[in-house]
Amino acid sequence: FEKGDVILDKLQKYYSDYNRWSDYVSISKVRAISYRGREKYDEIEKVLKEAIEISEEKDVHPYDLLPIHELSVFYSYDLGKHEEAVKYGDMFFEKLKQYDTITSPDKIRVLDSIKKQNLDVINLTLAKSYTQTNRLDKAYECLKYAEKGFGDIDDVEKIMRVYSNFIDYYLKKEDLDKVEAYKEKYLEYSKRNNDSLISSLRKMTETNLTLVTKEKDGVVVKEENKRKLLIIGSLGTFLLLVIIFQRYFLRLKYEKEKIRLELENEQDFKKFRASLFINIAHEIRTPLSLILGYIDLSADKSISGDELR
């Protein structure tokens with residue numbers, strides 16, 4: 001991180017000295033990612049807002065979309081400030097509409113690149129924040145867009161995040177059937193993700209064994225050494241598989257516990273609400289009963305006017 005800071009400082013000074021503000025604004029996203037790795041959240045906010053201010057002063061469109069996008073993600077995922085996340089997410093899409101009229105080939109290429117890398121992510125980010133702020137119609141639109149985008153490129157990890165957000169969305173809607181359906185989808189892709197990881201690790205193990213053999217510089221390896229290498233490789237693969245499956249089952253347990261707690265919270269709230277209404281009704285009924293009693297007495301002809309008063 002320290003070496004990265006030195007390079008970024010040099011780059012920012014160079015871009016500033018030579019008025020290359022588009023590049024200056026672009027690397028603000030890299031600097032924000034660097035700060036995120038150290039949980040320097042105040043610095044993230046500062047560097048991104050500075051980049052947005054410079055964008056407005058120097059007119060570096062469409063590069064200004066980068067810090068706006070990153071700030072929305074930052075507020076949603078790092079701080080949980082969902083109103084702020086929505087504010088900058090909406091700003092991203094408003095500017096995107098304005099930039100549809102760009103005619104410069106170079107800027108069109110930049111805009112297409114930014115869309116390709118950030119559009120699905122910003123939709124996923126906004127879906128999370130819209131759900132948390134109960135703007136469920138907008139959340140659904142963003143989730144469907146993100147699902148299609150990540151589905152087209154078969155990004156398994158991102159699709160898992162989409163389905164996790166769908167679970168939160170349908171919990172808000174109290175549609176438990178949909179919650180179960182998206183739990184199944186989430187677990188299906190979680191299995192795919194783990195299978196892919198296992199396959200990659202297996203290939204790495206096989207490659208390592210091949211390299212170890214080749215490093216003998218042509219010397220004929222004795223059968224005993226081959227057997228030892230095979231045992232070491234097999235043990236390494238086995239340990240990796242154990243770690244992966246342990247991670248998978250812990251994640252599964254965590255997701256189930258999360259959903260169980262959310263459902264319990266919903267049930268507790270419903271019980272509280274019902275109790276509240278019953279108590280309010282009781283408090284209203286008591287004075288009404290007294291009033292109705294005196295109204296009945298006023299209709300009793302056997303009571304004199306003085307007694308009635």
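The numbers here are math on the coordinates, done by the rules we state, and not lab data. Model, not experiment: these values are computed from the prediction. Don't worry about glycine lacking a Cβ; one is built from the backbone with ideal geometry, like all the others, and counts go over all protein chains shown.
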Largest first and rounded to whole Å, the semi-axes √(5λ) derived from the alpha carbon gyration tensor of region 1-156 read 26, 20, 14
Kindly provide log₁₀ I(q)/I(0) values, in the same order as q = 0.12, 0.18, 0.21, 0.23 Å⁻¹, from the Debye equation applied to equal alpha-carbon scatterers of region 1-83. -0.33, -0.72, -0.94, -1.09
If you find the alpha carbon centre of region 147-166 and of region 14-59, how far apart are they in angstrom? 29
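Taking the chain on its own, what percent of its Cα-Cα pair distances exceed 25 Å? Could you put the intermediate results ahead of the total?
Numbers: 32490 of 47586 pairs.
For the chain, the share of Cα pairs beyond 25 Å comes to 68 percent.
State the extension gain, in nm to one decimal, for the chain segment bounded by Glu56 and Ile243, taking 0.36 nm per residue of separation less the distance between their alpha-carbons.
62.4 nm
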With a 30 Å threshold on alpha-carbon distance, the violating pairs from Lys13/Lys138; Lys10/Lys144; Lys46/Lys95; Lys49/Lys107 are Lys13/Lys138; Lys10/Lys144
Can you work out the PRE-style zone for Lys270? Point 7 Å along Cα to Cβ, and I want the residues of region 157-190 with backbone N under 16 Å. 170-180
Distance cut-off 21 Å, Cα to Cα: go down the list Lys40/Lys81; Lys58/Lys128; Lys97/Lys172 and report the pairs above it. Lys58/Lys128; Lys97/Lys172
Cα principal axis extents for region 258-309, largest first, Å: 69, 13, 6
Quickly work out the Lys256-to-Glu43 label distance, labels modelled 7 Å from Cα along the C-beta direction, and quote it in nm with one decimal. 4.2
Cα-only radius of gyration and Dmax that characterise region 70-158, units Å: 13.6, 40
Just to be sure I understand the model, the point goes 7 Å from the Cα along the line to the Cβ. What's the resulting Gln98 to Arg20 distance in nm? 2.6
Mind checking which aspartates and glutamates have their C-alpha under 16 Å from Lys271, skipping anything on the same chain fewer than 8 residues away? Glu174, Glu262
How long are the three semi-axes of the equivalent ellipsoid for region 47-104, computed from the Cα gyration tensor as the root of 5 times each eigenvalue, in whole Å, largest first? 21, 13, 7
